[in-house]
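Notes for the one structure printed next.
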Amino acid sequence: MASINNLYGYSTQRITGLSSGMDTETIVNNLMASQQAKLDKLFQQKQKAQWKYDAYTSINTSVSNLRNSYLSILGDKTLMKGPAYNAYKVTMDVNSAVKVTGTASALPTSFKILAASKATAASKTAAVNSQQTELKGRSQFLQASVTGSLALEAGQGFNTTIDDLATQFGLEDGENLSFSINGETFTFERTDTMSQVMTKINEKSSTTGVTAGLVIDGGNMLKLSLTGMTGTDSKIDLSNITGIAFDTEKGFGMTNAQVTKTVDVTSMTFEDLAEKFGLTLNGSSFKIGTETFSLTRTFETGDVPKTVQEVMDEVNASDQAGVTMSYDKTKGSFTLRNKTTTDSEGKNATNTAAIQVEGALFGENSIFGVEEGSYTDSGSLKRTDTIADAARKLGNTVGDEITVKVNNKEFTFKTSTTLSSMMTALNQDKDIQASFSYSEMTDSFQIANTVTGSAAELSFEGFAFLGLQDASGLVGTDAKLTVEREGITKEITQASNTFTLDGLTFEVTGTKDFGAEGLSVNVERDYQPTIDAIKGFVEDYNKMVGELTTKYYEKSYSRAYPPLTEEQRAALTEDEAEKWDEKAMSGILRNDVTIGGLLGSLRSSLLAKVGDTGLSGSDLGISTVSWSSDTWRTEQGKLTLDEDKLMSALKENPNAVQEYFTKISTDANGNTDTTTSTENGKSTAGSGLLVRMSNLFSNFNRSMSSQNIFNTQKSINEYTGKMSDLVAKMAEKEESLWAKYSQMETALTELQSQSNWLTAQLGLSTNS
């Protein structure tokens, strides 16, 4: 037996028997054996109580889950509401204009739909004619970028969470990953994946000017790249970092990178431009359309070299070239765009003429950065265009900000905002009840109400830079449905395309005239969903009853297999201990009164008829296993369902079937009456079967929680307290025994010392 001190998490190293030669530790352990036996007994009693607690909790949860799912009006599979017994099947000819479904309040009927027209929302569409040719090149003279790699383990990838990589990021327990990019702070939860890290960075790219990319290279290396916007102001500043997210050897394996140079490319000569950025100047002329433009080079001609701006001016002045040439220093890009004309209304005329380019300045690693050839329709609007770029492409000019108004609500946007971001902001505002969209296919903008009907008006202003002229008082149309029933024709007008009439839900999806013959619609009761729902309940009910029955009748081997003590468990293999525990836990709830009471009540609840319905479970095809059946011992209490018999009962009287299951009867005190009585020799019940079962389950759960589980937990707490007290007493007694034997050893040592002194005084040899 180990020292009792071990129970406290420490042990005392003792040296015994130096003088007496006695095995003191063995003696002390033997004297403590009776106390250890008491402690082991308490441990075993506590273990049994814990097993019983777990078993009670398990079956209580099973009963509660069944009740909450099927017997609560809020349950996901509830059988306590009308819709479970009132499904309708709608049959109609195939069409593309109207969809009809039945609700619980529908009635069997037949009718015809003569015509349908879909409701629309107020809207305005403008073709912006942005399809003129545009050619961009060399868009990254200056661009900040940094890339790092993070080593992954087998099975890790884009969906690996920050928590999984907390060590690599140097994060403490509970600490989230956080850092700032160009002044914008990002905080990531430990549950965020690497893919989500990239997404969150990119969602703020319009603010930071930085985009993130993520790839897996070499099988186990996750590479994160941060790329600044193109142009002379491109930069990446990393700061406010938790842990070691950015380090050359740890985290994402990258360091801060920054590019903040400002260069006026237009004032430079082409030679200076090529030299500064390491570009190739492969010739002294280039051609656009039918016009050739020369480029002087001092070391060849001795002439004064032309600046980039001077050459651009020549291009812009040439009618033969037919293009405008510009340079955007914020993006570091050149743009060629064919010249446009305007129509009588001042709108841009469509110009899809090709831009023909050739010459040494056009090609890979050249100054303009575009290939020789013919280019068409490359300048159409994109959702990623900024408001300023979009306006420019359409021949309009905007300042640093624009203000627009939709349905009397005002919005202000920076013109550096992308069209996509602007549209998202408008579409997410619920107050305006409007949507904004752009179609690249049709090259048109549309603004529309999100509600249909003639009563909702649409107004907007401030979108002229996109070709949408101010408008107000725009309205949609109502949905119309013309039906004929029993010779009576009626036209129904609704603002919404979805509405309910006579328990039927109509969804108008198109506009169509079905003629005099009309679209035939037939509505009839559908009993199969009810049967399927009851079948599902029976299956889950049987699983629960099976669990209770198994626990109630389970044979017990616990007398021969008491719970293992810690010392006994340590002497067995894991498999041996598992098999022992299985025997020790057997029959833990055998003949439990609470379980037996529920099983008996459930069986009897099926026998009573329900009030005026005159129906019992057997009338609906619901029964239990017969007492005389060979399978009664293993299947008792479980239900069987005759689906054909239930179908017949539903067809004969569906309301009576619903009442049999769900009728709620109250006694004189207003309480639900679940009792049974005998009238005219027949056993009857005030409430329906499922109501009775619900109350039985509720009482069972209440009794389990307030008595069985509570009392068992109380026993566990009492055993824990007794064990704690006994351990303290054992420790005290053990220390007392060790103290006594230590005193004895001390006395023997002193006697030995005196004996040695006397021997020495007498001159006697201690070896003789």
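No lab work stands behind these numbers, since they all come straight from the coordinates. Because the structure is a prediction, the values reported are computed rather than measured. Positions of Cβ are backbone-derived with ideal geometry, glycine not excepted, and every protein chain shown enters the neighbour counts.
Observations, loosely collected:
- Computed from the Cα positions only, the extents of the stretch 401-475 along the three principal axes stand at 36, 28, 22 Å, in decreasing order.
- For the stretch 104-126 versus the stretch 170-196, the spacing of their alpha-carbon centroids is 50 Å.
- Scalar couplings 3J(HN,Hα) for the stretch 499-510, obtained by applying the Karplus form with A = 6.51, B = -1.76, C = 1.60 to θ = phi - 60°, are 7, 10, 8, 6, x, 10, 9, 9, 10, 8, 10, x Hz; x denotes Gly and Pro.
- Computed E for K651/D431 - FRET, C-beta separation, R0 45 angstrom, nearest 0.05: 0.30
- Separation in nanometres of the label points that stand 7 Å from Cα toward Cβ, at K714 and T187: 4.7 nm
- One chain, two ends: K729 and V304. Fully extended at 0.36 nm per residue, the span grows by 142.4 nm beyond their Cα-Cα distance.
- Two-site FRET efficiency, I73 against Q528, from Cβ-Cβ distance with R₀ of 25 Å, rounded to 0.05: 0.65
- Cβ-derived FRET efficiency at R0 56 Å, E271 paired with L214, nearest 0.05: 0.90
- Distance between the modelled labels on D644 and F43, one decimal in nanometres: 6.3 nm (7 Å Cα→Cβ projection).
- Fully extending the segment from T749 to K583, taken as 0.36 nm per residue of separation minus the present Cα-Cα distance, adds 54.4 nm.
- Radius 14 Å from Cβ of K512, net charge of other residues (Lys, Arg +1; Asp, Glu -1): 0
- Among the listed pairs K583/K729; K48/K551; K124/K339; K81/K651, a Cα-Cα separation exceeding 22 Å is found for K583/K729; K124/K339.
- Fully extending the segment from S96 to T207 would add 35.4 nm, taking 0.36 nm per residue of separation and subtracting the current Cα-Cα distance.
- Under the shape rule built on the C-alpha gyration tensor, where the axes satisfy a ≥ b ≥ c, the stretch 525-592 is prolate, since a/c reaches at least 1.5 and a/b is greater than b/c.
- Taking a Cβ cut-off of under 9 Å around G621, the surrounding Lys, Arg, Asp and Glu residues balance to a net charge of -3, with basic ones at +1 and acidic ones at -1.
- Modelled spin labels at A571 and E517, positioned 7 Å past Cα toward Cβ, are 9.1 nm from each other.
- Sorted peptide list for 409-416, 617-624, criterion being average Cβ within 10 angstrom, highest first: 617-624, 409-416
- Net charge contributed by nearby residues that have their C-beta within less than 9 Å of V98 (K/R +1, D/E -1): +1
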